[in-house]
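Just so you know, all these numbers are worked out from the coordinates, no wet-lab data involved. What you are looking at is a predicted structure, and each value in this text was computed from that prediction instead of being measured. Every residue, glycine among them, receives a Cβ derived from its backbone with ideal geometry; neighbour counts consider all protein chains shown.
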């Protein structure tokens, strides 16, 4: 496989707004999120169910189903505006430049066609000239690449004859068969057994190294993020509450929600009696989003201002920022005490916050 | 400002404007919020009860609402209508045989008759009269008619009389005279009475061969159809619900045996069995009817043997789908935790079915029951059309259509009026049932 | 597979047996003797007739005899309509006519109904979808005799000077058109509705999302991925439709005076010719049960998910 290694920005999402126009009213599933993704980079999007992470990913690949609609912002892929593309151009883009794999490999493969048929079809959709034999050869190569043995036999099998992990491998093979620049993985390991999860993650890491593609990895599992991602965006109720390099997120979380997520995650290196602490309460009603910070009602540090105004983003480190009034307060204190270096300040401040916990 | 803000948000730089704004924050901004404040922050949607929510959804479904109104109108037509019309469904009105739903005033009729008399003097003769006339003519000439000739004359007269294919038909006469028909049918006698100042209720749809008012018969027919539909739906509901919930709730061997029975019944061709039941039970019931004069016999007489066989057939065969649906629902619900919880609390089987399982599948039960009504009406009309429905003189829409079939070319409205009411009724019931399903089963919504 | 087929066949045989017994006992429950008509024949004649037709023996013996006879293809003889003509002979002469009309009707219903359902699903939410939905809902709300008589009136001489098709069936090609049209209308509408539902169901499945993510063209998604999956449940509706069409034949044959088994069956009911009623009921029931069996097996064959060696279900 010849992979021309590219560098720089692969994907740029700016202030993306996505709404669902339901009979009951407009649901602002995604309310203004922005991020960059470079070539050869893996970004995790973390958040609980309904936080808008899948919706955001679907809008990149143009799979948003009615009544969902992108209502604002821009998505730029390799310098091209994705939202401005026509339907035909989007069809050409899908699977070719951007591929997507889904959560449930049990239902994502068409039960009435063989694995081979579905793989070859994915290839032929974008490469009309490829001959049948050539396509079959490449499909088998791809299956071998994702670690499936006995490929000749597998090609003729139906999805129900394969195990879940195997099916997810097929899904990955199908996604990668056209060598996409960007792979969007929507909770690809959630529906699998833990041991299989690890295998699939290992495989994806491996493939990423080989192909140098950018990956957007959507999950609610921070453990998976630590395993595979370079940087992380934390989403809550359609808003991006924190964003930064994976180490910063894990060791210097800036938003109470991220802290909560970390505390609710079991850790291998934890002291044996440390308890997992769940985040209390339920997410806000997206049909009727409140004015202030959506996490405020569940936040133990909630302040009066949190209920009135959405906090702005505060720079906490290089490429690390969070939207929280706590951080704003610290920043202001810093400024007042005359410390000019905001970067260093926020870091020390952060430590203080940690102590505060 | 808004534009600038968007620009800034794209990058990972801090928001300068926002930082500047920080100075304008209220003094107490960074005080901790109270629990109460947090509570009131979440604006929950009002929780609406299941039925209210369903009704709201149903009301928004315009097609279903229109269908409901039409069903109600047909219901009024069927149940209140006969009280307003002064004719009975089996009352044979004298002189009103084959009355069209339109009429000509007495003068116009006289003109038509005169015109026809003038142009064609055999057209109005009965076959016998025509033969008599021909015989007389022949006798005058000193000849005798052969039997073949006689038959020819008879046939001619019959044909011209029956189909109006005389030399000058009534229709032609009307056209020639330029007479316009007036709506509603009245017999000559009634027209005479109206002339005398009496008020006569019109035969809106005309009358049939026996001089029975078609509108009243349609009303009664629609009433029979509706009653059959509702009764069958109730029978199906009761048997299906009991069978299905027992089978689903107990599971295991009981379920296995009960499901084998269901499978067998499922493959039995119902229509054939209904026809068979109709044929065989009819004489049985007739014998029973004649055996005495008790209340049971009275009941059989009022319902008619065929209707009873339809009910029996529904009770025997049609509950299968319903029982399957309910069993499926119960099997599904049985896995749910609240049922396990109820069981753990020591609730008895019957109580669990009543309090926990049935309320949860009520939406589907209501829908299936309701959709059984049009299906029963459909079957009843089919049987009545084949002459297996209600017994004369009682009528139903299907048997009216069947009666009208022989005179289709001359009196098409006799068939089309009951057929239209029947079809519209089934259509609206179907549409309303569909709306009901959409409203009651929110899971089916996208 | 073999086990599954065996199980189904056994089921069909049991059902058929129940139908036969039901038919037999119902016939026996009829009070009075079949020989009683307008004029009562002398007792000696009745006795002789009873003996001839075996009606003087106990019911169980009669049932056993009847079953044995059926196995040998003997359904008895007509007692009124066509005296002493074997019922099986009547069935074999009359059934082909009914079958021809039924097959044509079902064929056109499938060939038109399924594509229309796909079209409606493909164009869902547009006026095409709405129009088709209205037509099909009306179609399944009109009893067969209404459709038949409307066609008869409109196209066979009800309107002056407008007569395309003959009123009475005479075996000519033209005379097949109206009965088949009338008979197939309900199944067409029904299949179209079911296809639409199944298609929409299929379109909402995850594998369609995968297909879209692969960058397949819309047409390919609909016609390759959605349709194949949608057709599987549609096949299950075919079995009941065959039965329905067969019984719809009673009405259509009566309206168009077709000399088929359906009309004859109705006439035999009106004339109370019991051997014919029994024979025809059993024959038609057997036919419907076998059709259901075939459709059932077909369904299992089309769906690769079902592993037949495990016995199904």
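See the values below:
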| item | result |
| --- | --- |
| Most fluctuating residue given options C:82, C:194, C:267, as computed from a GNM of chain C linking Cα atoms under 10 Å | C:82 |
| Sequence ranges A:184-193, A:204-213, C:64-73, ranked by mean other-Cβ count within 10 angstrom, highest first | A:184-193, A:204-213, C:64-73 |
| Cβ neighbours within 10 Å from other chains - mean over A:302-315 | 6 |
| Packing-based exposure ordering (other Cβ within 10 Å, fewest first) of B:369, B:340 | B:340, B:369 |
| Cβ-based exposure ranking for A:66, A:59, C:192, B:375, in which fewest neighbours within 10 Å come first | A:66, B:375, A:59, C:192 |
| Mean separation of Cα contacts under 8 Å, 6 or more apart, over the residue count of chain A: relative contact order % | 18 |
| Residue B:296/residue B:59 FRET efficiency (R0 41 Å; Cβ-Cβ; nearest 0.05) | 0.40 |
| Spacing of the two label points (7 Å from each Cα toward its C-beta) at residue B:91 and residue C:154, in nm | 3.7 |
| Among C:216, C:22, C:132: highest mean-square fluctuation, GNM of chain C, C-alpha pairs under 10 Å | C:216 |
| Calculated FRET efficiency for the pair residue C:99/residue C:204, C-beta based, R₀ 60 Å, to 0.05 | 0.95 |
| A:101, B:326, B:235 arranged by Cβ crowding within 10 Å, fewest neighbours leading | B:235, A:101, B:326 |
| Relative contact order (%) - criterion: Cα under 8 Å, at least six apart; region: chain C | 27 |
| Packing-based order for B:381-389, B:430-438, B:254-262, using average beta carbon neighbours within 10 Å, highest first | B:381-389, B:430-438, B:254-262 |
| Binned Cα-Cα distance frequencies in the range A:9-236 - 10 Å width, integer % | 8, 33, 36, 20, 3, 0 |
| Relative contact order (percent, whole number), the range A:99-156, Cα cutoff 8 Å, 6+ residue spacing | 38 |
| Relative packing of peptides C:197-209, A:167-179 - highest average C-beta neighbours within 10 Å first | A:167-179, C:197-209 |
| Peptide C:215-221, shielding by other chains (average Cβ, 10 Å cutoff) | 5 |
| Test item: A:105-117 mean partner chain Cβ contacts at 10 Å | 5 |
| Globularity ratio of chain C, using Cα Rg and 2.2 N^0.38 Å | 1.23 |
| Pairwise label distance in nanometres, residue A:193 with residue B:210, each label 7 Å out on the Cα-Cβ vector | 7.7 |
